[in-house]
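Read-outs: derived from the displayed coordinates by stated rules, not from any lab. Computed from a predicted structure; not experimentally measured. Neighbour counts are summed over all protein chains in view; Cβ atoms, including those assigned to glycine, are modelled from backbone coordinates with ideal geometry.
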Amino acid sequence: MDFSLFAHMERLGPEQSHQNLYEEFLGLCDMADQGGMRAIWTGEHHAMEFTISPNPFLAIMDLSHRTKNVKLGTGTVIAPFWHPIKLAGEAAMTDLMTGGRLEMGIARGAYNFEYERIMPGLDAWDAGQRMRESAPLLRKLWQGDCAHEGTYYSFPATTSSPKPVQQDGPPIWIAARDPNSHEFAVENGFNVQVTPLWQGMAEVETLMGRFNDACAKAGGKRPKIMLLHHAYVGKDEADLEEAARDFSRYYCYFGAWFQNKRPISQGLIQPLTQEEIEANAMMAPANMRRDLTMGTAQQVIDMIKRYEDLGYDEFSFWVDSGMTTERKRASLARFIDDVMPAFG
């Protein structure tokens, strides 16, 4: 089982400076590098203080000068927001400048809030179709002299300039949930990223089942599959109870952003009241405690052993949570020191 860190800057209020948030982000990434994690993933989001990362390549380039060992992944770029020629070139340049450490996570995007600002009229279906046309073009553009006539993109013979350092280009990972997305990824030889979000072990098993079905349908081809999940290693019961409340609040805000109905000013969503948070039974702290990868070090080890037994190749520690940096760092340190060694 490989381990990685999934992290962004997240701003909860105007009193927090972006400079401090970025330094805190760098500190967590340094811990991942020093602690022996395989990779760091950071994604693409626009105009949202909830998840700050307008261009993951910029963060990756900075991280490449501050880390030594980890692979550096886009977790994920939003394919519809990029022309494939532009994405292929910027990814190749990033791979060149990082010494071949780039990995490419690609998704259709999740937030209508972003669609209506970057590409008005785009919906999730159309975004997915754009991603499926665009992603296979990257390897062809890296190989060179790729001409394309498609539904969304058409261009004469074109070669990525520069070309990536890695032979055949950076590994490509597709964010998948429905069976068709798994089949698309496996058929194209792409690795798969999945997240059960708050939905627990049943969803962890369902997502692996879809991946296995896709592999069987593709004649046994099996790329890698990564499980991205919120994780917390607590020092004691009181610490775990506080973490569960933090995750409950985080997912209430996640849902509010996803529904795209609440007023937003200066990139911050109108605060949820405590009554609204407590009324959201689906995201109750008890459910977070049950369904996320959280507990004592041994409890977390036992959970990840189950993921490993199901066939997952990598567990990505999703640290975004609205917690203080001190508590994020303490949990991550316990994960590195007490959980990862159990997987040799």
Among the residues that make up segment 236-252, is at least one of them exposed (fewer than 14 other Cβ atoms within 10 Å of the Cβ) and not acidic (Asp, Glu)?
yes
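Residue-by-condition table, conditions (1) charged (D, E, K, R); (2) touching a residue at least 12 places away in the same chain (Cβ under 8 Å); (3) out of contact with any Ser or Thr (no Cβ under 8 Å at 6 or more places or on another chain):
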residue: 122; (1), (2), (3): no, yes, yes
residue: 145; (1), (2), (3): yes, yes, no
residue: 155; (1), (2), (3): no, yes, yes
residue: 183; (1), (2), (3): yes, yes, yes
residue: 190; (1), (2), (3): no, yes, yes
residue: 193; (1), (2), (3): no, yes, no
residue: 202; (1), (2), (3): no, no, yes
Restricting to segment 304-319, give me the number of residues that are under 20 Å from the mean Cα position of the chain (by Cα) and either surrounded by 18 or more Cβ atoms within 10 Å (Cβ to Cβ) or of a type outside the set (Asp, Glu) (or both).
10
Pair list, Cβ under 6 Å, 6 or more apart: segment 1-27 residue part of a helix (DSSP H, G or I), other residue of a type in the set (Ser, Thr, Tyr) and surrounded by 14 or more Cβ atoms within 10 Å (Cβ to Cβ):
24/325
Within segment 99-114, can one find any residue that is crowded, with 18+ Cβ neighbours inside 10 Å and over 24 Å from residue 197 (Cβ atoms)?
yes
Within segment 204-220, of all residues that are closer than 27 Å to residue 282 by Cα and in contact (Cβ under 8 Å) with a residue 12 or more places away in the chain, the one surrounded by the most Cβ atoms within 10 Å (Cβ to Cβ) is 211
For segment 137-188, which positions are surrounded by fewer than 18 Cβ atoms within 10 Å (Cβ to Cβ), part of a helix (DSSP H, G or I) and in contact with a helix residue (DSSP H, G or I) (Cβ under 9 Å, 6 or more places away or on another chain)?
179, 180, 187
For residue 76, only one of the following conditions fails: (1) of a type in the set (Ser, Thr, Tyr); (2) in contact (Cβ under 8 Å) with a residue 24 or more places away in the chain; (3) over 21 Å from residue 317 (Cβ atoms). What is its number?
(3)
